[in-house]
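One structure is given below, encoded as structure tokens.
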Amino acid sequence: MYKTRGSFLVLLLCSFMNVCCHTQTENQRDHTITVFVHGTSVARRMINMSPLRPRVYCPQGLTLAIDLPKNYHYHQMAQSCADLHNELYSVDRFYLFGWRSESFSHKNRMKSAKKLMKSLEHLAAKYYEKHSIIPDIRLIGFSHGGNVVLDTAYYAPLKISDQTINIEAWLLGTPIQRINHDCVNHSHFQKVYSVYSKKDWLQRIDPQGIVNKKARKAHFWSDRVFDADARCVQVKFTVNSQSIRHTSYRSIFKYFPSIQKLIEQAAQGLDTCMVEVDFTL
């Protein structure tokens, strides 16, 4: 009888230790969910039905990147980031957000941002239910996808169990617009990084002054940078000491974890600064 009771206590103790170890591991691992938001595509529907589909296709709404076929660009992009830094960019936490990017209008991007926030709320709740941990969110917006990311501030805050979720924003080649410029200062974002290149003329080509009379005189075209006092790390970016074009972001994004590390080192923990970063291939 005593031997049986002793065995039971040993099993109970082992079970308790396993639960403690699992909890400790869960708490120590990174719990950041990454969401990539693509840019404008005027001919999105037509291209999606063409032979170029694997290079550009992104489903509408929030989708796990690895759920796309292996030969699709966004699947390969997520896998490359995971291969570089699996802890920060695990493929089971790397999502895409597809939106109706045919339109250049701010109104359309606002609608998309609202849908993104609703999707994030649902995703974060599911993650909390599974892991008992509130995840951080990393939003990466390319081109006007960056403005969709900025516009999420209009629908803040994002909360789970009355606790605000930390959101970090990365804007790549995003056309800076006066209409939502101040979103960059919103407390919704724990930190914002804005990456630009001097040769990226597509970043500036959106004529915001046509629809925004207040921007017409001084900011007819979109800007490369926010105001100098914006709560944002603004990054003048080069590759092999050369400025890059708008389309070049697509090919270098597979190195994003390494680029992110360089930028964070250059920023030195500051929330407001302008830095120069050169990435060597």
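Between Gln177, Gln76, Gln60, the Gaussian network model of the chain with springs among Cα atoms under 10 angstrom shows the greatest mean-square fluctuation at Gln60. Among Lys217, Lys126, Lys236, the largest mean-square fluctuation in a Gaussian network model of the chain, built with springs joining Cα atoms closer than 10 Å, belongs to Lys217.
Of the labelled figures [x] 21.4, 90; [y] 19.8, 64; [z] 22.6, 69, only one reflects Rg and Dmax of the Cα atoms in Å as derived from the coordinates, namely [x]. Ranking Leu88, Leu158 from most to least accessible surface, computed with a 1.4 Å probe over the protein chains only, gives Leu88, Leu158. For the peptides 107-116, 260-269, the ranking by packing is 107-116, 260-269, with the highest mean count of neighbouring Cβ atoms within 10 Å listed first. Build a GNM of the chain with springs between Cα atoms under 10 Å apart, and of Asn180, Asn48, Asn240 the one that fluctuates most is Asn240.
Answer with one residue from Asn180, Gln265, Leu120: the one whose Cα lies farthest towards the positive end of the charge dipole of the chain, charges on Cβ with Lys, Arg +1 and Asp, Glu -1. The listed residue farthest towards the positive side: Asn180. Here the dipole of segment 26-74 is about 340 debye; that uses its Cα centre as origin and unit charges on the Cβ of Lys and Arg (positive) and Asp and Glu (negative). Pairs from the table (Lys70/Lys111; Lys236/Lys261; Lys70/Lys254; Lys115/Lys159) lying more than 20 angstrom apart at Cα are Lys70/Lys111. Sorting Thr34, Thr238 by accessible area puts them as Thr238, Thr34; the probe is 1.4 Å, largest comes first, and only protein heavy atoms count. Rolling a 1.4 Å probe over the heavy atoms of the protein chains gives segment 47-176 an accessible area of 45 Å² per residue.
Counting only DSSP beta bridges whose two residues both lie in segment 109-224, roughly 20 percent are antiparallel.
Taking only DSSP H segments of four or more residues, each worth -39500 (n - 2.57), what value at 222 nm results for the chain once the sum is divided by all its residues, to the nearest 500 deg cm²/dmol? Per the formula, -11000 deg cm²/dmol. Most simply put, segment 17-147 has about 30% antiparallel DSSP beta bridges, counting only bridges with both residues inside it. Listed by number, the DSSP H helices of the chain that run 30 Å or longer by alpha-carbon position along their axis and have mean Kyte hydropathy of at least -0.5 are 2-28. Using a 1.4 Å probe on the protein chains only, how many percent of the accessible area of the chain belongs to carbon and sulfur? The value for the chain is 55 percent carbon and sulfur by accessible area. When only the Cβ of Lys, Arg, Asp and Glu is charged (+1, +1, -1, -1), the dipole of the chain relative to its Cα centre reaches about 1000 debye. Hey, what did segment 21-136 get for relative contact order, percent, Cα under 8 Å, at least 6 apart? Relative CO of segment 21-136 lands at 34 percent. Relative contact order for segment 133-281: 21 percent, from Cα pairs under 8 Å spaced at least 6 residues apart, divided by residue count.
Considering only DSSP beta bridges where both residues belong to the chain, give the percentage that are antiparallel (nearest 5). Bridges in the chain that DSSP calls antiparallel: roughly 20 percent.
Across the chain, the mean sequence separation of Cα contacts (distance under 8 Å, 6 or more residues apart), normalised by length, yields a relative contact order of 15 percent.
The values are calculated or read from the model by the stated rules, or taken from the named source; none is laboratory data. Computed from a predicted structure; not experimentally measured. Methodologically, a virtual Cβ is constructed for each residue, glycine included, from the backbone with ideal geometry; neighbour enumeration extends over all protein chains shown. To get the accessible areas, we keep the full protein, side chains included, count just its heavy atoms, and leave off ligands, DNA and RNA. Shrake-Rupley method; radii C 1.70, N 1.55, O 1.52, S 1.80 Å.
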